[in-house]
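Enquirer: This is the structure I have questions about; it appears just below.
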Amino acid sequence: MFPELNNILNSTPETCEQGKVVLLCDKLTDGTFLVHHFLSFYLKGGCKVCFLGLVQSFNHYNLVAQKLGVHLSAAREKGQLVFLEGLRSSLDLILNDGQESTQQILSPLQFLSSPNASLQCLYDFVRVSLQETSETPWRFPVLIIDDLSVLLSLGVSPVNIMNFLHYCRATVCSKFMVEGLTTGYCKDIHGQLTMTCRSPSPVKSEKNVNKIFQYKIQDKNVTFFARGTSSAVL
């Protein structure tokens, strides 16, 4: 979790709100540090998190989280984190292809063996993972997907993905986009973050608010500054 980013978003783990959808997009740069931020952010906030890791292993996310002061293994053991390791699950499904087994039938990635199949099995996994129980002390459920575009690469139709999201989200309140600098690589500026906060009001006069920041990724932190104010460009 990066404190400076919390200041930009005007939010902390203690004051995080339910009912928001955050979309992360990157262009000409790697914006995955934002995924790690929100994962540690909501775990520190005491939320129940379901993480669909479709591009990296659990060990990868766990190593990065430790630098941010969060232990994913401990969170998973106590039931706060439910992690779907897409790479391993898909391999297990492929190796068991053609064999009748309960594990195959209930696999969240069952759609891989059925062209044009819906994501009902994946949604069921999310729903069950985040359902409330009498023994659950968590504040509210959170779903994080890394990376949603992988589903398109696997042949899932956009319609099925939208249907999946329709059932997973309540409403879209904010949108984030990360991109590289148009001037190319700079050792002191790693990229630019554009934050668009969508107004929930139906009144046309209530416009969306855009904020632009540049950032530099460090070993255990990310430094943000207003566009053009870095000493590297002055």
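Enquirer: Go through (1) at pLDDT below 75; (2) out of contact with any Phe, Trp or Tyr (no Cβ under 8 Å at 6 or more places or on another chain); (3) among the basic types (K, R) for R227 and report which single condition fails.
Expert: Failing condition for R227: (2).
Listed here are the residues, each with its yes/no results for (1) crowded, with 20+ Cβ neighbours inside 10 Å; (2) modelled with pLDDT under 90; (3) not in a loop (DSSP other than H, G, I, E, B).
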| site | (1), (2), (3) |
| --- | --- |
| F51 | yes, no, yes |
| Y61 | yes, no, yes |
| D92 | no, yes, yes |
| Q99 | no, yes, no |
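Enquirer: With the structure loaded, tell me whether V21 is modelled with pLDDT of 85 or more and either touching a Ser or Thr at 6+ places or on another chain (Cβ under 7 Å) or of a type in the set (A, V, I, L, M) (or both) or whether it fails that test. Explain how you work it out, then say what you get.
Expert: Details: modelled with pLDDT of 85 or more: no; either touching a Ser or Thr at 6+ places or on another chain (Cβ under 7 Å) or of a type in the set (A, V, I, L, M) (or both): yes.
So V21 fails the test.
Enquirer: Give the residue, chosen from T171, T183, that is exposed (fewer than 14 other Cβ atoms within 10 Å of the Cβ), farther than 16 Å from G86 by Cα, modelled with pLDDT under 85 and under 19 Å from the mean Cα position of the chain (by Cα). Write out each step before concluding.
Expert: Working: T183 fails: under 19 Å from the mean Cα position of the chain (by Cα).
When all the criteria are applied, what remains is T171.
Enquirer: Does S57 satisfy the criteria of being at pLDDT below 90, over 24 Å from P13 (Cα atoms) and among the polar types (S, T, N, Q)?
Expert: On the way: at pLDDT below 90: no; over 24 Å from P13 (Cα atoms): yes; among the polar types (S, T, N, Q): yes.
For S57, the condition - at pLDDT below 90, over 24 Å from P13 (Cα atoms) and among the polar types (S, T, N, Q) - is not met.
Enquirer: From S153, S118, grab the single residue that is free of Cβ contacts under 8 Å to residues at least 40 places away in the same chain and not aliphatic (A, V, I, L, M).
Expert: The conditions single out S153.
Enquirer: Here's another thing I want to ask about it. Inspect all residues belonging to the range 25-41 and state whether any of them is polar (S, T, N, Q), within 20 Å of E132 (Cβ to Cβ) and assigned to a loop (DSSP other than H, G, I, E, B).
Expert: Going through the range 25-41, the residues polar (S, T, N, Q) turn out to be 29, 32, 40.
Then drop every residue that is not within 20 Å of E132 (Cβ to Cβ), which leaves none.
Within the range 25-41 (the criterion being polar (S, T, N, Q), within 20 Å of E132 (Cβ to Cβ) and assigned to a loop (DSSP other than H, G, I, E, B)), the answer is no, since none of the residues qualifies.
Enquirer: Another question, if that's okay. Of all residues in the range 5-36, how many are charged (D, E, K, R) and surrounded by 14 or more Cβ atoms within 10 Å (Cβ to Cβ)?
Expert: Kept after step one, since they are charged (D, E, K, R), are these residues of the range 5-36: 14, 17, 20, 26-27, 30.
Now drop any that are not surrounded by 14 or more Cβ atoms within 10 Å (Cβ to Cβ), which leaves 20, 26.
Residues flagged as charged (D, E, K, R) and surrounded by 14 or more Cβ atoms within 10 Å (Cβ to Cβ) within the range 5-36 amount to 2.
The values are calculated or read from the model by the stated rules, or taken from the named source; none is laboratory data. The structure displayed is predicted, hence computed values, not measured ones. Every residue, glycine as well, gets a Cβ built from its backbone with ideal geometry; the counts of neighbours run over all protein chains shown.
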